[in-house]
Amino acid sequence: MAAHEILAATNAVVTLDVGIPGIVWPWLVTVNMWAKSIGTGVIFMLFMLIKRYPDQVGKLRFPTIVVSIVFIHIFLLFTLADLHQPFRMWHIFFYPHLTSAITVGAWMATAFVGLLFLLAFLSFVKKDDAAFDKALTWVVALAIPVTLYTAALMSQATARELWQMPTEAAQMIFAALLSGSAFMILLSGNKLNWEAKKSLSNILALSAFMSFILYMSEYVFGPMKAEEVAAVLEYIKGDGPYTVMFWLGQWTAYLLPMLFIALSRASKSESILKLAAILALVGLWLVKHVWLMIPQLLPMS
C-alpha cells in the first residue's frame, strides 16, 4: 500500500445519521420561540400604529423598542443555553454554513438587534421621530425573516412530519401578531385611545382565529397526511399525556381571548381587553410547548 493511502486511511472520519432518542429541544426552546414572537410582534404593532395613529404613538416609540430589545435578548439567551456547545457559538459567525437555518437566523438576529439599538438611540437620545420612522421600516422588513426562521429550523428536522414549513411559517407569523398586539395593549395603558386599541384587538382576535383554524386543521386532517402525524397527534387525543395542556392552550390563547374581545367591544371595557391580552400571552406559551414536545415523543424506530 502506498504511503499516501495509509495516511488517508488513518485520518478517516466516520459519521452515522441516526436518530437521537428522547427530548432534544426542551422547554428552553419554547421560551425561545415565545420571546421571539413578542420581540418581533411589538415592532409590527408599532409600525401599524405609526401609520394609522401617528398622533398617539409619541410616548410609545422608546418603550416599545425597550420591550423588543429585552425579549429578543431573552430569545438569544435561551437559544445559547440550548446549544450543546454554547461556547463555540462564535463558529456560526467565523465558520458559517449558510445552508443551515440556525446560521442564517443568527446573522439576521444580530442585524436585527443592531437596528433595535439604532432605534433606541434615535428615540431616546436624538429624539428624531422622522429618522426613527424611516429606520423602523427596515427593522420591520428584517423582523419578518427573524420571525420565520424558527419555522425553517423546525422543518429541517428529519423524521418530524408534523413540522412542515408552510404551516409552521404561518403559525410563527400569527404568533408574532397575536403576542405583539396583546403586549401592546398592555404596554399602551392610557397612551392610546379606544379606536387604536380596537385596531389592536382586531389583530389579536384575527390572529387568534387563524391560529386556531391552523391547529384544528392539523388536528383533524393531519392523520390523513402521514402515519407519523397520526401517531404524534395521539399524544394530544383521548388520554394522551399532553391532551389537557393542548386544549388548555387552545382555550387560553385563542378561544377565550376572542370571547373577551367581543365582550370588551360590547361594554367598552379596557379591563376585559387587558384580560384577553394576558390570556393570549400565557396560552401562546402552552400551545408552543405542546407543539414542540409531541413530535419528539415519537420513537424513531
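The values are calculated or read from the model by the stated rules, or taken from the named source; none is laboratory data. Keep in mind that this is a model prediction, so the values were computed, not measured. Virtual Cβ from ideal backbone geometry, glycine too; neighbours counted across all protein chains shown.
Any residue in the range 131-144 that's within 16 Å of G105 (Cβ to Cβ): show its pairings with residues that are outside any helix (DSSP H, G or I) at Cβ separation under 6 Å, as long as the two are six or more apart or on different chains.
none
Would you mind finding the one in L204, L187 that is under 17 Å from the mean Cα position of the chain (by Cα), crowded, with 17+ Cβ neighbours inside 10 Å and farther than 23 Å from V29 by Cα?
None of the others qualify; the one that does is L204.
Exactly one condition in (1) within 18 Å of the chain's Cα centre (by Cα); (2) of a type in the set (S, T, Y); (3) surrounded by fewer than 17 Cβ atoms within 10 Å (Cβ to Cβ) is false for S269; which is it?
Unmet for S269, out of (1) within 18 Å of the chain's Cα centre (by Cα); (2) of a type in the set (S, T, Y); (3) surrounded by fewer than 17 Cβ atoms within 10 Å (Cβ to Cβ): (1).
Given the criterion under 23 Å from M33 (Cβ atoms) and exposed (fewer than 15 other Cβ atoms within 10 Å of the Cβ), identify the matching residue among T110, T147.
T110
Under 6 Å by Cβ, and 6 or more places apart or on different chains, what pairs join a residue from the range 15-43 that is more than 17 Å from A152 (Cα to Cα) and assigned to a helix (DSSP H, G or I) with one that is among the charged types (D, E, K, R) and modelled with pLDDT under 80?
L28/D82
Report yes if F117 is farther than 21 Å from L178 by Cβ and either in contact with a Ser or Thr (Cβ under 7 Å, 6 or more places away or on another chain) or free of Cβ contacts under 8 Å to residues at least 40 places away in the same chain (or both), otherwise no.
Considered against the rule, which asks whether it is farther than 21 Å from L178 by Cβ and either in contact with a Ser or Thr (Cβ under 7 Å, 6 or more places away or on another chain) or free of Cβ contacts under 8 Å to residues at least 40 places away in the same chain (or both), F117 comes out as no.
Specify which of the listed residues (L122, L46, L77, L60) is surrounded by fewer than 22 Cβ atoms within 10 Å (Cβ to Cβ) and not polar (S, T, N, Q).
None of the others qualify; the one that does is L77.
Hey, can you tell me all the residues within the range 150-179 that are among the polar types (S, T, N, Q) and surrounded by fewer than 21 Cβ atoms within 10 Å (Cβ to Cβ)?
The answer is S155, Q156, T158, Q164, T167.
Quick one: in the range 91-107, of everything that is touching a helix residue (DSSP H, G or I) at 6+ places or on another chain (Cβ under 8 Å) and not aliphatic (A, V, I, L, M), which residue is nearest to S37 (Cα to Cα)?
Filtering the range 91-107 for residues that are touching a helix residue (DSSP H, G or I) at 6+ places or on another chain (Cβ under 8 Å) and not aliphatic (A, V, I, L, M), the one nearest to S37 (Cα to Cα) comes out as G105.
Inspect the range 245-259 for any residue being out of contact with any His (no Cβ under 9 Å at 6 or more places or on another chain) and closer than 30 Å to D55 by Cβ and give the result as yes or no.
yes
Across the range 263-301, what is the number of residues that are touching a residue at least 12 places away in the same chain (Cβ under 8 Å) and either among the hydrophobic types (A, V, I, L, M, F, W, C) or not in a helix (DSSP H, G or I) (or both)?
25
Determine whether A111 is more than 17 Å from the chain's Cα centre (by Cα) and either farther than 21 Å from L77 by Cα or not polar (S, T, N, Q) (or both).
Yes, satisfied.
Look through the range 202-247, keep the residues that are part of a helix (DSSP H, G or I) and of a type in the set (G, A, S), and return whichever of them is farthest from Q171 (Cα to Cα).
It comes out as A231.
Filter the range 45-81 down to the residues that are touching a Lys or Arg at 6+ places or on another chain (Cβ under 7 Å) and farther than 26 Å from L206 by Cα and list them by number.
Hit for the range 45-81 is K59, nothing else.
Looking at the range 82-104, can you tell me whether even one residue there is surrounded by 20 or more Cβ atoms within 10 Å (Cβ to Cβ), modelled with pLDDT under 95 and not acidic (D, E)?
No - not one qualifying residue is present in the range 82-104.
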